[in-house]
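> Can you read through this structure? Questions will come right after.
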Amino acid sequence: QIHHERGEYGKAIEHYTEALHAGQASLGENHPEVASILNKLGNLHCEQGNLDAALKAYEKGLEVERAVLEEDHPNISVTLTNIAHIYRHQGRHQSALSIFNQTLTIQYRSLGASHPKIAVTLGHMGQVYYHVENYEQALDAYQEALRLQRD
């Protein structure tokens with residue numbers, strides 16, 4: 001992680017990959033620590049602009065999280081959000097909205113209807129709706145996000 005923070009991406013990928021293999025060997029394929037390493041790899045690839053590799057790491061991390069964590073665990077919503085952002089950047093707007101909706105479902109169930117993280121997710125959805133020129137849905141999402149931030 002130090003190499004990652006220093007911007008030494010080659011070394012960071014090497015060390016994360018070693019940690020991933022060691023974690024899988026000692027803890028098994030489906031372990032929360034394995035999911036964490038996969039998500040760190042995804043973050044690193046995303047920072048480098050390698051969205052395909054990031055998406056692959058996030059999707060594998062999500063698969064592990066869903067195997068070992070409760071369905072409403074906050075880590076799952078974070079990973080879903082990361083995937084949705086990649087879809088948005090790739091122009092896969094409907095896929096991004098679908099994933100953001102999954103995130104909202106988890107957030108409503110685990111955090112309650114007025115949590116600030118829900119406002120953030122709604123804001124992201126508003127951006128996607130705006131980008132695809134669905135201004136009514138964008139406005140609805142933004143207004144709900146604003147209402148949550150005021151409460």
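> Return the total of residues in segment 1-33 being touching a residue at least 40 places away in the same chain (Cβ under 8 Å) and among the aromatic types (Phe, Trp, Tyr). Give the steps one after another, and end with the answer.
Restricting attention to segment 1-33, the residues satisfying the condition of being touching a residue at least 40 places away in the same chain (Cβ under 8 Å) are 4, 32.
Applying the additional criterion that residues be among the aromatic types (Phe, Trp, Tyr) yields none.
Adding up the residues that qualify gives 0.
> If you don't mind, another one. Asp52 passes all but one of (1) crowded, with 16+ Cβ neighbours inside 10 Å; (2) under 30 Å from Glu14 (Cα atoms); which number fails?
Answer for Asp52: the failing condition is (1).
This table checks each residue for (1) at pLDDT below 95; (2) touching a Lys or Arg at 6+ places or on another chain (Cβ under 8 Å); (3) in a helix (DSSP H, G or I); (4) of a type in the set (A, V, I, L, M, F, W, C).
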{"residue": "Arg66", "(1), (2), (3), (4)": "no, no, yes, no"}
{"residue": "Ile83", "(1), (2), (3), (4)": "no, no, yes, yes"}
{"residue": "Phe100", "(1), (2), (3), (4)": "no, no, yes, yes"}
{"residue": "Leu104", "(1), (2), (3), (4)": "no, no, yes, yes"}
{"residue": "Ser110", "(1), (2), (3), (4)": "yes, no, yes, no"}
{"residue": "Ser114", "(1), (2), (3), (4)": "yes, no, no, no"}
{"residue": "Val128", "(1), (2), (3), (4)": "no, yes, yes, yes"}
{"residue": "Leu139", "(1), (2), (3), (4)": "no, no, yes, yes"}
{"residue": "Ala145", "(1), (2), (3), (4)": "no, no, yes, yes"}
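> Do we have Asn75 as of a type outside the set (Asp, Glu), within 16 Å of the chain's Cα centre (by Cα) and open to solvent by 20 Å² or more (accessible area, probe 1.4 Å) here? Lay out the reasoning, then the answer.
Working: of a type outside the set (Asp, Glu): yes; within 16 Å of the chain's Cα centre (by Cα): yes; open to solvent by 20 Å² or more (accessible area, probe 1.4 Å): yes.
Yes.
> Can you list residue pairs whose Cβ atoms sit under 9 Å apart, with the first residue in segment 91-115 being surrounded by fewer than 15 Cβ atoms within 10 Å (Cβ to Cβ) and the second being not in a helix (DSSP H, G or I)? Count only pairs 6 or more apart in sequence or on different chains.
If the second residue must be not in a helix (DSSP H, G or I), the pairs left are Gln94/Val132; Thr105/Asp72; Arg109/Glu71; Arg109/Asp72; Ser114/Asp151.
> Please work out which residue is nearest to the chain's Cα centre (by Cα), limiting yourself to segment 1-47 and to residues that are open to solvent by less than 60 Å² (accessible area, probe 1.4 Å) and hydroxyl-bearing (Ser, Thr, Tyr).
Ranking the qualifying residues of segment 1-47, first place goes to Ser36.
The values are calculated or read from the model by the stated rules, or taken from the named source; none is laboratory data. Everything quoted here is computed from the prediction, not taken from an experiment. Counting neighbours? That spans all protein chains shown, and the Cβs are built from the backbone with ideal geometry, glycine included. Surface accessibility is based on the protein's heavy atoms, side chains included, excluding ligands, DNA and RNA. Shrake-Rupley method; radii C 1.70, N 1.55, O 1.52, S 1.80 Å.
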